[in-house]
There are 4 protein chains.
Amino acid sequence: MPGAGRADRRRHTRRLEILSAAARSFRSRGFAATGMREIAAAADLSPANLYHYFRGKQELLYFCQETSLERMLAAVRAARRARTPAAERLRAVIRAHVDCVLGEMEGAAAHLEVDDLPAPLKRRILVKRDLYERDIRRIVAAGITSGEFVDCDAKLTTQAILGALNWSVRWFRPDGERSPSDVGTAFAAYLVRGLIAAPSASRSNGRKRA
Amino acid sequence: MPGAGRADRRRHTRRLEILSAAARSFRSRGFAATGMREIAAAADLSPANLYHYFRGKQELLYFCQETSLERMLAAVRAARRARTPAAERLRAVIRAHVDCVLGEMEGAAAHLEVDDLPAPLKRRILVKRDLYERDIRRIVAAGITSGEFVDCDAKLTTQAILGALNWSVRWFRPDGERSPSDVGTAFAAYLVRGLIAAPSASRSNGRKRA
Amino acid sequence: MPGAGRADRRRHTRRLEILSAAARSFRSRGFAATGMREIAAAADLSPANLYHYFRGKQELLYFCQETSLERMLAAVRAARRARTPAAERLRAVIRAHVDCVLGEMEGAAAHLEVDDLPAPLKRRILVKRDLYERDIRRIVAAGITSGEFVDCDAKLTTQAILGALNWSVRWFRPDGERSPSDVGTAFAAYLVRGLIAAPSASRSNGRKRA
Amino acid sequence: MPGAGRADRRRHTRRLEILSAAARSFRSRGFAATGMREIAAAADLSPANLYHYFRGKQELLYFCQETSLERMLAAVRAARRARTPAAERLRAVIRAHVDCVLGEMEGAAAHLEVDDLPAPLKRRILVKRDLYERDIRRIVAAGITSGEFVDCDAKLTTQAILGALNWSVRWFRPDGERSPSDVGTAFAAYLVRGLIAAPSASRSNGRKRA
DNA sequence: TATGAATGAGATTTCATTCAT
DNA sequence: TATGAATGAAATCTCATTCAT
């Protein structure tokens, strides 16, 4: 029954278009401030018709987060499999993360507002998000253990990295001077450099203050 | 006329309490998702009475942002006046920023949702925010010029730093293992280290855009 | 106890000032759209203090209407006692009415929004208003009976007259070219002339149409 | 595509019903005192559903005024085109005005509360209202110039006429003895007679301001 | 699949009024 | 007398969602 197949494919395409529209809105105005009418308009559908593709607003958010978390998880897993130094693996993950949240791909809003999901969906997203964070943390920790990275709090450092990456959706303008790839490259360089011991140098390298 | 003075002080105290409650709510649930009822309840007032102290929700947001921006501006100005190396100045600003956004002080939400303000208030906040960012960027740029920091894009690096700092309100839990001061110290160390040339300057540096 | 007397007089003065302020507001924005805060501000009192002089908003409206109805009733009674022709008596009433509703005297809002009063007060106002209308109607009817006026529906004509007079508060501007007295004189001339038989003239004097 | 046409017509009908209900409420209780709930109930809709047809309360008022002003403008223009004496033209306008404000047609509230409109809508209504008043004033002025009417202040006289007409919505009861057409005829006769020189031109004429 | 109509719940905000001092 | 603080009720309006077609 190829007709059904074609309809299915069409439906799937539509769903991706909607997800993309929703992601864009969620990113730029936030979940609570984004109306279903707005999403529908952006996806060129009537508000009522939206409900033929998704059960509701929360499900849209869920799929947005699900989609980009999957993509980012794939990236971090590929990085972990690579036999390159921790620094290089971490840079790859950072570039992938930036590509994902700043690119025009559908669903790139994984970093946003988990609390707006109903409990069961929230749990599922949290599991993946924690897996993702843990994988990054493990790259950091591995670098520390191997001596490639300086000794530091892997957890806090990972949060700093993720913060720099996730916050980018707030200031990035697609029509600005830098491309997502520029941002990814610069962030990767800077954020990894902070894990590598500075030259024996001097008084300017550490804690100090009283 | 000490009676009037006392009444004024009382009113001022109340306003700070309300601001504090609002800031907490805005930080944890976002502006749009936070209801006036919620803020009123948190400040132990009836919803209607809230309007005796502030004209409306947007004014609350404005004062939150104004208050913490002022505090942070003071910190960054003090740092710029100091005759210490750029690294030390930057660390001081980072620690102050974290203290400000994670501390329990009223209004600590300057980094949030400028778009929800009406145009005139938005302009005023943006002016201050831009001043603040520019001051940090200047510390970074000064370090680059003097050779203390590696050559990099000062603007993007500043955004990365601010992202790491601002995002902390999303994951930080006051009852967790780390104190705001722990976070500030670790972030200062990590984020400044990334500006100092690493020793084994490998070929995998990956910046230096065209 | 002259002190009490002085306080009473003072209180009475204040009440008149408030009534005047309330009347001005009611006239220019209507009862429902006028807030107690607005009246209080116009009378230079705190909102709460207003309630020391009047029980509430409806009582203010009541006294406004009561005051000017009394004044207008006095005028119409004086006119009825006069032994002048009906035309002259009617003109006097019209001038007094205009003076009353356009002048700066307190309470000049009798023509407004009886329905906003609670039933008992409403009844009392309606009694007076009906007395007033009846007195005017009687002047009209007397003129008709005596042959001084043309034969017409006294009731409808009275409504037309009152409409012209009452509506003046909607378009009259105290800083405009005409004074209240100008308006009163012109209206008196025009509205009375309509009651006096036009010259035998022609086809242009009456019903006609089909 | 007759289906769409039918739906459109249905929607249009609904809008007229709502407008009619709103006009009735505004006329009898005033704009500020009329609640959206009330209008919704009168139009047999849920309050929320009202907003499917009109953007808000002010838009309802605007369309009420717009609708009846258009109708009245058409009447006054037709009258001006007629080659009958000024008296007859004025009578026609008066009858049309009364028909319009007292009839059960939708939107007949043009004379009400322009100040409750937002500035841009207010401007548009004022333009039309001024055109209407000017057209009536011109009929009066033409009669004066031609000697058909007595010499008088055309502006004030027009205001008197409009006041008599507009005020009628305040006292007219559809279930009373007089029909709107009775009122229109009586008002037309009386208000035009006042413009025609009375025979016994006594000294008590009292106009002719300095 | 597609959509205009419909709605209950809830948002922010205003208001007349009262209370405590 | 005077007032800032306080509030319950109600106002306008929005929103996610469902229904009927």
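Read the figures in this text as sums done on the coordinates, not as results from a lab. Because the structure is a prediction, the values reported are computed rather than measured. For neighbour counting, all protein chains shown are included, and Cβ atoms are generated from backbone atoms with ideal geometry for every residue, glycine included.
Summary of values
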quantity	calculated
Peptide ranges B:18-27, A:83-92 listed from the most packed, as the mean C-beta count within 10 angstrom indicates	B:18-27, A:83-92
Using θ = phi - 60° and Karplus 6.51 cos²θ - 1.76 cosθ + 1.60, couplings along region C:161-171 (whole Hz; Gly, Pro as x)	4, 4, x, 4, 5, 5, 5, 4, 5, 7, 10
³J(HN,Hα) computed for each position of region B:124-138 - Karplus, 6.51 cos²θ - 1.76 cosθ + 1.60, integer Hz, glycine/proline x	4, 5, 4, 4, 5, 4, 5, 4, 4, 4, 5, 5, 5, 4, 5
Karplus-derived 3J(HN,Hα), 6.51/-1.76/1.60, for each residue of region D:30-44, Hz, glycine and proline x	x, 5, 5, 7, 8, x, 4, 3, 4, 4, 4, 4, 5, 9, 6
Per-copy distances of the residue B:16 label point, shortest first, in nm (7 angstrom along Cα→Cβ)	5.0, 5.6, 6.5
FRET E, pair residue D:128, residue D:181, Förster distance 25 Å, beta-carbon r, rounded to 0.05	0.50
Copy-to-copy label separations for residue D:130, where each label sits 7 Å from Cα toward Cβ, in nm and ascending	4.0, 4.4, 7.0
Per-residue average of Cβ from other chains inside 10 Å of A:154-160	6
Global geometry of region C:90-184, whether rounded, prolate or oblate, following the gyration tensor of its Cα atoms and the 1.5 cut on a/c	oblate
For residue D:74, inter-copy label distances in nm, listed shortest first [label point 7 Å out on the Cα-Cβ vector]	5.1, 6.5, 6.9
Rounded to whole Å, sorted largest first: equivalent-ellipsoid semi-axes of region D:1-55, Cα gyration tensor	25, 11, 7
Too-long pairs where the Cα-Cα distance tops 24 Å, listed order kept, from C:155/D:155; A:122/A:155; C:122/D:122; C:155/D:128; D:57/D:128	C:155/D:155; C:122/D:122; C:155/D:128
Other protein chain Cβ atoms within 10 Å, averaged over every residue that makes up D:184-191	6
Per residue, the convex hull volume that the Cα atoms of the protein assembly as shown enclose (Å³)	273
Peptide B:29-35 - average C-beta neighbours from other chains (10 Å radius)	4
Normalised contact order of chain C, rounded percent, pairs of Cα under 8 Å and 6 or more residues apart	24
